[in-house]
Amino acid sequence: MTKPHQYNQDGPFFITKEVAAQMIAGGYEFEPPLIPCSIRLGDILERMTVAELALQPGEIAEQERKRRQNKQSSRYGSNG
């Protein structure tokens, strides 16, 4: 039997998707902790596909969309 609260753990505690599903089914309101980010949002958006990027809100996502449009325009030249 596991302890309900394991405060004295030496290492990090990870919850798998399966365990999270069981916890939710048992009535636990699961919210993963906030994780400090060590990578820039722009770097993350840069790695997304066009379809994934289209779903992202915000000014930084809009900047990445414009950057891609400018890159594509410079690659094929402007027809204006």
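The values are calculated or read from the model by the stated rules, or taken from the named source; none is laboratory data. Just so it is clear, the model here is predicted, and its values are computed rather than measured. Cβ: placed from backbone, ideal geometry, glycine included. Neighbour counts: every protein chain shown. Remember, those area values only see protein heavy atoms, side chains included, never the ligands or the DNA or RNA. Shrake-Rupley method; radii C 1.70, N 1.55, O 1.52, S 1.80 Å.
Scanning region 30-52 for residues that are under 30 Å from Val19 (Cα atoms) and part of a helix (DSSP H, G or I) turns up Leu41, Ile44, Leu45, Glu52. Here the condition is being open to solvent by 70 Å² or more (accessible area, probe 1.4 Å) and in contact with a helix residue (DSSP H, G or I) (Cβ under 7 Å, 6 or more places away or on another chain); of Glu18, Glu46, it holds for Glu46 alone.
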